[in-house]
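Participant: Sharing a structure below in structure tokens format, with a few things to ask.
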Amino acid sequence: MKHNYHLRQMLAFLTFFYCFSAAIFAQGTAPVPQELPYSQDFSSLLTTATAYPAGFQGWTASVAPGATFNTSGTLVADRALFPNSNASITSGNIHNYDRKIGFLNTGSLDLTIGFAFKTTGKSGITVEYDAMVIRNPHNGTTNTRINELVLQYRISTTDAFVTLLPTVYANGTTAQTSGTTEQSSQKIKIVLPTECDNQDVVQIRWISRQVSGGGSRPSFAVDNISIINDVTPPVNAIGYPQITNILSNGFDFLSQLDEIGKTYFVILPAGSPEPTVAQIKAGTDITNTAAIKAGLLAVDDATLVYTQNNTGLILGTTYVVYSISEDAFGNIQTVVKKLDVTTSSAAVPSLSTTKTSLEFSFVEQNFSSSVLSYELQGANLNGAVTLTSTGNFTISKDQNNGFQPILNFTAADFSSGASPTVYVKFSPNATGIFSGQITHESTGATNKIVALSGTGINPYTQDFNNPNVLTNSGWFEYSIAGNTIKWASTTTRFNSAPAAVQINGFAETGPSKDWLISPNLRLSAFDKFPLLSFHSRKFFSGPSLKLMVSVNYDGKSNPETATWIALEGDFPTNTGTFKQSQYINLEAYKTDRTYLAWVYETTAGGGANTAEWTVDDVNITNNASFIASIPDLNFGEVNPNTASPSQSFLFTAGGYGNITITAPAEYQLSLDNVTFTSSAIVLAADAIAGKTIYARFSPSSKALSISGALTVVGIELNQAIGSFKGSSFPKTETFDIVTYNLEFFGSDVKNTSNVEFGPINDALQIDNVAKVMNTLNADVYAIQEVSDDAALDILIQKISINGKTFDKVISPVWSRSFQTSDPNFPPQKLAVIYNTQTTTVKKTRVMFSQLYDELRAGTKTLPNYPDVGSSFFASGRLPHLVEIETNIGGVKKDLKIINIHARANSGSDISRFNMRKYDVELLKDSLDAQYPDANLIILGDYNDDVDVSVIAGNPSSYQKMVEDTARYNPLTLDISRAGAFSFLSSGGFLDHIIVSNELTADYVPNSTQVYDPRLDVVNYVTTTSDHAPVIARFELKADTNLSTKDFTPKKGLSVVAYPNPTSESFNVVVNSENKLDLELNIYDILGRSVGAPTKLKGSIGENTLKINSASLPAGIYIYTISNGNKVVFKDKIVRK
């Protein structure tokens, strides 16, 4: 089934069928474009309002939210504004949140808030707003959903929307389920692309996507919206422009603006009239003659002062400086600034530097940086020049030594135009940003300052929690191919809160190759083993990351100009979960110029070509010893007194000398894959280099599970590592049954938003399911969510191997199968696949089919049913009963399999829980009445746990069946309590097996387990199913007790017991036309034998036995008549 935990389209269909069937194919209304500038704080929007402010419109974007931002230009329908809302309201709507508007999605609603405006004749369009969360149900257990809000735009009313990724905003983990107070409010400001300039209509909208987790969703809201076009020229900072450092031959011109822009200036003779703006930009005077001097200052940072040094002027001469500034959008000042300046009439001592600042970037703490330098120039000096450095910076005249905080030059050092070089070093003693300066002083000269800055880092540990980590830590990204998406900080997925670094090349139109590069690592300073560890997470299908190391990279150039060596990164192959890669030995790369890189590479964007990768918590430690191997090997099923094929693992360790590895009992090891013994010795050098160890399973007796850890012993080492497991209980001796939800198996159907249901690659899904089934090697599979019968036929071919031949039975009903099929929603059928070599299907039937028809017709009702009658059992997805006869090793047994796919949940909607509970209890009542003594296996997608409900605060909807221990045995109960789960997307346990008590004695203890296919199938959850299969095993015995099927008396044999009810004794009369040696047994209602068997010597005609029942407690008993190993008659007797 498709579950609420993962925004499933099934619920979307049901909701829209009832609520919006008339509007499924409707288009959203385009609001009237508003004039700019525009602002909206919703202060005049009454809490009771149901009408949007002008220009706004709520829309249904699609019938199911997804993991990517929906950009479709097709809008499903308008959505009304829901009044008087607050964080306690869980309905999917556009909500009026008391002077804020927001939206809350559901599993069947992908909502969005739109706004339209016009930009005719306008440019530089800036959108600013406050993004916030109102409802946040996150509780860390059942509700763990993280969603993201983003702003999108389009230049029309029909085109696809474009996502503005810099505006992404995510909910946090602080719960809020009441009130309307904004949570985690964040002001977001962005300049729209230039294609939005000069347009008759621009539409923007706020929409969200699912990022991670499950359970109830958060709601987002926006407020304080401002949309303006930039028509204002820049403003000069107070005191600017200005002139400083006036010398006999020149001066400095300074500018500072309140925004990014440019300042143009011209230097003209004193008294020159003011040129026009165009002439200043052109560098001329009013007659269009070239100015004495002209210049341009590019103001790239509004917080900084920008300086232009002007020389070559005449001693003691007056000049006039005219200047004008404009911003990045061409808005230019209308008032020209004028400054008068007179050069000194005498030679003035002066100092100048070839650089005004030095940036040391990132330097490892407690080490010194590489040397930077500049030249110092002096003119007309009257004395010595003194340089003083501050902070963690030192200076020298020699680039190799002599660094100190004070340095002196004589006037003679500057004679004949000499320009001595000053060398500077940065030596941080901690991590963080450092700043300082070098002051240059000389008598009569204006002091000159060279600003210094640098960052102290620890390159050996990085948690990536700083959002600017790729610009302020020494870590950086370098893009070789694909310039749309790069490595970047993320706060939505991380191993340790609150952030990590991430990349996803889906949005690229071509190939991607992006490097995440470490700072310089001085591994030569490590006196032990330098060991790397990190966490990484893969999501979606696509290539793996690569871990690379270099010892000749310069730390700044194109990394492909250096030599890089690939390392084994031990990256996760399964999606959606962080994995730690650890004990990666860098001993071979111990230099003072070592770099590590994580390389993301794809051949094309979109589809299955790209995966999302996240990296977090990188550490490099200096370890005296290590063991890098944690082998986890499963040898499957091996017959007693035989040996399995060998498997191998790489054993890597260091610092322990020679190491002895001892296998657990029933397992053997080998160094050469020829001679196997209980232990193996790995030499120290081999362990450091990595030694391949071979292992095999050699059981000596029959057991369901044989497992254990290896023991490793060396110098100061004695510990257990890894795990070996296997079984010596042959499956040829047991009946094995599996329940397996296949998630829209084989479907190619797409919803109205053109999103396909279930895994997209049908052939891969079939192959993966076949791989899982062939691994499980079961006799019967009860499966759910079959959407394509032909795909099931292909699957059967792929599992009919090794002497097995499978066949199928498919239920003829599914949810709403009584209606015309929906082209935008596939069926979800129930089916049973069985091995014809061990299983024969005797008959099948759909339970409650007549009742359901009567409920739909209105001729019958269900008393106190929580919804309309047609909603019964997931709107017609009725239990499918399949009666089979098994034949395992010549032992035949009749079983009744009840395959169910119960009603799904929808967030915290208790009505769905109540419907499922009613359905299940009616099923139990029916089974109790119709099959009191049958061998029942009730299995399938229960959509609930059997311990406590997945709907927090409620008991299991299967509670009555679970608690009826005299009749039923919930095989999955114990493993649920132990923490097992089958719904891989959220960690819920939804797939279960319950048997009737008749099968308890046949059940192989502890054989029920959830098989996790993620261990064997790459990207299983996205390519195959969101469920894992659950298996149980039975060692079936002949029908000699209460689990035998009901018997209809044969021709030639009749049995009568009287009196019935009885007290002291009763008579059993057997009338037979044949000579039969018979045996009578009595059992209590729990199936326990009462008293010794009574023999009836075979003879033709009537035989009467008198049975003493005086010692029996009052109650119901069963007596059976057996002929050899077969029960030929069974009936009840009542002891009063």
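Participant: Please report Rg (one decimal) and Dmax (integer) in Å for the Cα set of the range 103-143.
Facilitator: When restricted to the Cα atoms of the range 103-143, Rg and Dmax are 16.9, 53 Å.
Participant: Still on this structure: Counting other Cβ atoms within 10 Å, which trypsin sites (Lys or Arg not before Pro) in the range 551-648 have at most 14 and lie in a DSSP loop?
Facilitator: Sparse-neighbourhood loop trypsin sites (Lys or Arg not before Pro): Lys556.
Participant: Ranked from highest to lowest mean number of other Cβ atoms within 10 Å per residue, what is the order of the peptides 959-968, 732-741, 832-841?
Facilitator: The densest-packed peptide leads the list: 732-741, 832-841, 959-968.
Participant: Calculated from DSSP H runs of 4 or more alone, at -39500 (n - 2.57) each and per residue, what is the 222 nm mean residue ellipticity of the chain, nearest 500?
Facilitator: -2500 deg cm²/dmol
Participant: Still on this structure, I have one more. How much FRET efficiency would the formula 1/(1 + (r/R0)^6) give for Asp159 and Asn288, where r is the Cβ-Cβ distance and R0 is 56 Å, rounded to 0.05?
Facilitator: Here the calculated transfer efficiency is 0.75.
Participant: Also: So if R0 is 22 Å, what FRET efficiency would Ser178 and Ala51 give, r being the distance between their Cβ atoms, rounded to the nearest 0.05?
Facilitator: 0.25
Participant: Given R₀ = 25 Å, FRET efficiency for Asn641-Val674 by Cβ-Cβ distance, to 0.05?
Facilitator: 0.75
Participant: Within straight cross-link reach of Lys804, meaning Cα distance under 20 Å, which lysines are found once same-chain residues fewer than 8 apart are removed?
Facilitator: The reachable lysines, counting only those whose Cα sits under 20 Å from Lys804, are Lys731, Lys771, Lys842, Lys892, Lys893.
Participant: Using θ = phi - 60° and the Karplus relation 6.51 cos²θ - 1.76 cosθ + 1.60, list the HN-Hα couplings for the range 116-126 in order, rounded to whole Hz, with x at every Gly or Pro.
Facilitator: The phi angles translate into 10, 8, 10, 10, 3, x, 10, 9, x, 7, 10 Hz.
Participant: Another question about this same structure. Within straight cross-link reach of Lys100, meaning Cα distance under 21 Å, which lysines are found once same-chain residues fewer than 8 apart are removed?
Facilitator: Candidates past the 8-residue exclusion: Lys187, Lys189.
Participant: Next up: Determine the shape class of the range 640-724: with a ≥ b ≥ c the square roots of the Cα gyration tensor eigenvalues, call it rounded for a/c under 1.5, and otherwise prolate if a/b is greater than b/c, oblate otherwise.
Facilitator: Judged from the Cα gyration tensor, the range 640-724 comes out prolate (a/c at least 1.5, a/b above b/c).
Participant: What does a probe at Asp554 reach in the range 490-523, counting residues whose amide N is under 16 Å from the point 7 Å along Cα→Cβ?
Facilitator: Once the point is set 7 Å along Cα→Cβ of Asp554, 520 turn out to lie under 16 Å by backbone N, inside the range 490-523.
Participant: What's the ranking of 453-459, 471-477, 186-192 by average number of surrounding C-beta atoms within 10 Å, highest first?
Facilitator: 453-459, 471-477, 186-192
Participant: From the phi angles alone, apply the Karplus equation (6.51, -1.76, 1.60; θ = phi - 60°) to the range 547-556 and give each ³J(HN,Hα) in whole Hz, x where the residue is Gly or Pro.
Facilitator: Running phi through 6.51 cos²θ - 1.76 cosθ + 1.60 with θ = phi - 60° gives 9, 10, 9, 9, 10, 10, 7, 8, x, 8 Hz.
Participant: How far is helix 9-19 tilted, in degrees, relative to the longest principal axis of the Cα atoms in the chain, given as a value from 0 to 90 rounded to the nearest 10?
Facilitator: Value to nearest ten degrees: 90.
Participant: On the principal axes of its Cα set, how long, how wide and how thick is the chain? Give whole Å, largest value first.
Facilitator: Here the Cα extents, ordered largest to smallest, are 148, 78, 46 Å.
Participant: Still on this structure, please answer the following. With label points built 7 Å along Cα→Cβ from the Cα atoms of Ala703 and Ala507, find their separation and express it in nm.
Facilitator: A separation of 5.5 nm, rounded to one decimal place.
Participant: Give me the lysines in straight-line cross-link reach of Lys262: C-alpha distance below 18 Å, same-chain residues under 8 apart excluded.
Facilitator: Answer for Lys262, where 18 Å is the Cα cut-off: Lys281, Lys293, Lys337, Lys338, listed by chain and number.
Participant: Right, next: Sorted by mean Cβ packing within 10 Å, highest first, what order do the peptides 406-415, 517-526 take?
Facilitator: The densest-packed peptide leads the list: 517-526, 406-415.
Participant: Moving on. Just give me a number: lysine pairs in the range 475-617, eight or more positions apart or cross-chain, with C-alpha atoms less than 24 Å apart.
Facilitator: So the count works out to 16.
The numbers here are math on the coordinates, done by the rules we state, and not lab data. Bear in mind that the values here come from a model prediction, so they are computed numbers and not experimental data. No Cβ is skipped: glycine too gets one built from the backbone with ideal geometry, and neighbour counts run over all protein chains shown.
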